[in-house]
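The values are calculated or read from the model by the stated rules, or taken from the named source; none is laboratory data. Here the structure is a predicted model, which means the values were calculated and not measured. Neighbour counts are summed over all protein chains in view; Cβ atoms, including those assigned to glycine, are modelled from backbone coordinates with ideal geometry.
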Amino acid sequence: MALRNILREGEPTLRKRSRAVTDFNPRLHQLIDDMRETLVNAGGAGLAAPQVGVLRAVALVVDMEREAQDDSERIVELVNPEIVASSGEQTGAEGCLSVPDLYGLVTRPDIVKVRARDRNGKPFEFTGKSVTARAICHEADHLKGIMFTDIAQRYLSKEELDEISRGEGDGEGHDGAEREEG
């Protein structure tokens, strides 16, 4: 495994659509392993392959509801993810590892069901709620070349973000402020 550089906003790769994975081979496994290490090292809630310069439909999200010792055990690997259902709505603080130190208010579904394949090509479905649903949507957007900055209702000041993180905010954003999204 190796840490990969996370591309920053302004890099053209972040604005391109990813291609579907067709070969579930050791090269894909290496990419996923490297992305896992990179995500854990960065302390994010998710990471998409374009963020590490690879235009393939691969995303990782941290399942915040899964019981685990650490985030590496909570990571869900999504290859060729497709959101097939969603419900509810949440408006919250959202950030991105590719846009450090910037957060905005973004409205997302509260529950998201995604259909994907694992690293070996086996299909599965996964349902994420709250922060995990937000991360799934955020990473799915990355695979289409969309950044949270494109859909943020407004950006948050450091003071607003601190209030939200302490639970003192107006209810718009407490569920994602503590973690940077992918």
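Restricting attention to segment 59-76, does a residue exist that is touching a Pro at 6+ places or on another chain (Cβ under 8 Å), farther than 22 Å from Gly10 by Cβ and crowded, with 21+ Cβ neighbours inside 10 Å? Full working, then the answer.
Pass one, segment 59-76, residues touching a Pro at 6+ places or on another chain (Cβ under 8 Å): 59.
Then drop every residue that is not farther than 22 Å from Gly10 by Cβ, which leaves none.
Within segment 59-76, not a single residue is touching a Pro at 6+ places or on another chain (Cβ under 8 Å), farther than 22 Å from Gly10 by Cβ and crowded, with 21+ Cβ neighbours inside 10 Å.
Being within 17 Å of Pro81 (Cβ to Cβ) and either at pLDDT below 95 or loosely packed, with under 13 Cβ neighbours inside 10 Å (or both) narrows it down to one of Arg27, Arg17, so name that one.
Working: Arg27 fails: within 17 Å of Pro81 (Cβ to Cβ).
Going through Arg27, Arg17 in turn, just one is within 17 Å of Pro81 (Cβ to Cβ) and either at pLDDT below 95 or loosely packed, with under 13 Cβ neighbours inside 10 Å (or both): Arg17.
Within segment 21-60, the residues that satisfy the criterion of being in contact with a Leu (Cβ under 9 Å, 6 or more places away or on another chain), in a helix (DSSP H, G or I) and within 14 Å of Ile75 (Cα to Cα) are Ile32, Asp34, Met35, Arg36, Glu37, Thr38, Leu39, Asn41, Ala42.
For segment 112-125, what are the residues that are assigned to a strand (DSSP E or B) and either modelled with pLDDT under 95 or surrounded by fewer than 17 Cβ atoms within 10 Å (Cβ to Cβ) (or both)? Give the steps one after another, and end with the answer.
From segment 112-125, those assigned to a strand (DSSP E or B) are 112-117, 123-125; that's our starting set.
Passing the criteria: Arg115, Pro123, Phe124, Glu125.
Would you confirm whether or not segment 164-171 contains a residue that is surrounded by 21 or more Cβ atoms within 10 Å (Cβ to Cβ) and at pLDDT below 95?
Quick first cut of segment 164-171, residues surrounded by 21 or more Cβ atoms within 10 Å (Cβ to Cβ) only: 164.
Narrowing the set further to residues that are at pLDDT below 95 leaves 164.
Scanning segment 164-171, I find at least one residue that is surrounded by 21 or more Cβ atoms within 10 Å (Cβ to Cβ) and at pLDDT below 95, so the answer is yes.
Residues in segment 93-111 that are within 14 Å of the chain's Cα centre (by Cα), part of a strand (DSSP E or B) and of a type in the set (Gly, Ala, Ser) were compared, and the one that is modelled with the lowest pLDDT is Ala93.
Can you find a residue that is touching a helix residue (DSSP H, G or I) at 6+ places or on another chain (Cβ under 6 Å), modelled with pLDDT of 95 or more and among the charged types (D, E, K, R) anywhere in segment 47-56? Within segment 47-56, one or more residues are touching a helix residue (DSSP H, G or I) at 6+ places or on another chain (Cβ under 6 Å), modelled with pLDDT of 95 or more and among the charged types (D, E, K, R).
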